[in-house]
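Visitor: One structure follows; several queries about it will come next.
The values are calculated or read from the model by the stated rules, or taken from the named source; none is laboratory data. Everything quoted here is computed from the prediction, not taken from an experiment. Heads up, the Cβs are rebuilt from the backbone with ideal geometry, glycines too, and the neighbour counts pull from every protein chain shown.
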Ligand code: CA
């Protein structure tokens, strides 16, 4: 997530103000409610409303015939229940109706809210809807399952936005910008290249990571022809899908059904779905659904009572309070159960406390052991939460079943994220070698890696490779194509594509879990826009005609992914295995790294894999032990099944390329 005003979004920020202790004591004394029937339950006896609002002086449910522009049919007075709740019931199943809550607070009625647990909503998410969820299930949903995954390191993650994937005319997709875009098979470019879900299958990724797809605030669902674009890091209703990705935002069942159809289609294609979740802040402050149901409770504050702002977006939520922690845990469980989501990516995860993240991972494993969780191990501003409690990158070894993005490998390989002109290892800048090695061993302790020379981190913060997500590009900052253009002035596209291949070869062969941004495989760009969160489709949409133009680039990525998937040596799960099986060769030349993965690592068929990365613009000579080697990659080409053979000895590694040999 990147707020328009925030350009620095990296690294642990120093501990700041002390807690607003009195506010905390007050909120922590509130009773909490852990039932799973919060706000709406429909059963044989009728429709039941339960609102958690311990300090409300009164509470009401307003029932509506439509999602907007109508007066309430009825207003129900709620009565105080247990554990800070208010309750009201109607002895009928009110399917088809819409509802809101409102509470009396400090002597005045607050504005209406659909609550914090609305699972279906109408246009722009202002009113919650009562729908029959069983009727939203696609055919075969009962037996639908995502790919089974033994370890997160077996995943290959492809981050994407719904509009980016389908809006361009060359996509050949009918349901442009919709959930349904990824249900269309047989779509192709005018050149006949597969697009959409067929493209994903051809590429071989195991999971798509969809940018925020819960109901967010910024796109007007009542005016879809305006084609407004937004990444969606402005949460409104956490437990309902975004309406602009549905074919009819006014039909509350449509967004639910169509999102499920997308997930079903991906699952049928063997691809899992990771959802980007943004529980760390809300789009609104006093006007949010949190504020309108339990004013103050869900947020952290400064000592002066103002909202603290570790998100850089005006507020930060308080996962360290029980009802907020429960909200996050129950919300991800809901998405996993109702929508069969296979993984969660936590935005600005370090705003949350480590205990909540442990609860999240544990709860999800009970739903589906293949589910994995990762997040940004940093905040975007100062937080009152003490640093030792934050789900920071540096604290990942203290969490259980959580992974963090490695900004170490990201910046070392391609250059610093915030300095467009800065180069990295793959683009010829010396001084990044040790940090790339930190990436190769997934930030775990290794006898040949000197963490004191790390650019971003100075210690082995991961205790297992399963705690690390490796990447050089994501939706934030300049995507790789644009970063290379900005940092390699005067270069040709062919030279930049070569650098991209080296950069991604380092990522995809490193220990940890690889992650890529959509369209890099065909070398699409975003016209140099580094924060395209609300840029138009003309910036963000993938021009699929590039797949034909840059077919060799696509084939390289596809083979690179195939190589990783075929070889467990790249997917070790134990830090001791990494320390034992990875052996770095002594190199004195800058921008040169050479290492072996030995001992049939992690059960690999190959006894030894030799990887040499040359990030300089001069050839490098390396000495390879004599033997019968299969050449997997050389001089900007790669084949998972082998390009040829060599007997080793003195070999030349071409400029800006990877040499991979196996025996
Ligand atoms: Ca919305």
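Visitor: So in the range 187-213, with the set limited to residues that are in a loop (DSSP other than H, G, I, E, B) and within 16 Å of the ligand (Cβ to nearest atom), which one is farthest from the chain's Cα centre (by Cα)?
Guide: Restricting to residues being in a loop (DSSP other than H, G, I, E, B) and within 16 Å of the ligand (Cβ to nearest atom), the top hit is 213.
Visitor: Another question, if that's okay. Look through the range 214-257, keep the residues that are more than 14 Å from the ligand (Cβ to nearest atom) and part of a helix (DSSP H, G or I), and return whichever of them is modelled with the lowest pLDDT.
Guide: It comes out as 225.
Visitor: Given (1) within 16 Å of the ligand (Cβ to nearest atom); (2) closer than 30 Å to residue 293 by Cβ, where does residue 177 come up short, assuming only one miss?
Guide: It fails just one condition, (2).
Visitor: Kindly indicate whether any position in the range 291-300 is assigned to a helix (DSSP H, G or I), buried (at least 24 other Cβ atoms within 10 Å of the Cβ) and more than 16 Å from the ligand (Cβ to nearest atom).
Guide: yes
Visitor: While we're on this one: Would you call residue 549 surrounded by fewer than 18 Cβ atoms within 10 Å (Cβ to Cβ) and modelled with pLDDT under 95?
Guide: no
Visitor: Which one of 170, 113, 153 is over 22 Å from residue 76 (Cα atoms) and over 20 Å from the mean Cα position of the chain (by Cα)?
Guide: Just a single option satisfies the conditions, and that option is 170.
Visitor: Of the conditions (1) touching a strand residue (DSSP E or B) at 6+ places or on another chain (Cβ under 7 Å); (2) within 30 Å of residue 139 (Cα to Cα); (3) away from the ligand (no atom under 16 Å from the Cβ), residue 264 fails just one. Which one is it?
Guide: All conditions are met except number (1).
Visitor: Where residues in the range 269-290 are without any contact (Cβ under 8 Å) to a residue 60 or more places away in the chain and surrounded by fewer than 24 Cβ atoms within 10 Å (Cβ to Cβ), which of them is farthest from the ligand (Cβ to nearest atom)?
Guide: Of everything passing the filter in the range 269-290, 286 is farthest from the ligand (Cβ to nearest atom).
Visitor: Something else now. Taking residue 490 as the residue in question, decide whether it is in a loop (DSSP other than H, G, I, E, B) and free of Cβ contacts under 8 Å to residues at least 12 places away in the same chain.
Guide: Yes: the conditions hold for residue 490.
Visitor: Among the residues of the range 358-382, what is the count of those that are part of a helix (DSSP H, G or I) and closer than 30 Å to residue 134 by Cα?
Guide: 9
Visitor: When you check residue 339 against the structure, is it closer than 28 Å to residue 514 by Cβ, within 16 Å of the ligand (Cβ to nearest atom) and touching a residue at least 12 places away in the same chain (Cβ under 8 Å), yes or no?
Guide: no
Visitor: Any chance the range 468-482 includes a residue that's part of a helix (DSSP H, G or I) and free of Cβ contacts under 8 Å to residues at least 40 places away in the same chain?
Guide: The answer is no, given that none of the residues of the range 468-482 is part of a helix (DSSP H, G or I) and free of Cβ contacts under 8 Å to residues at least 40 places away in the same chain.
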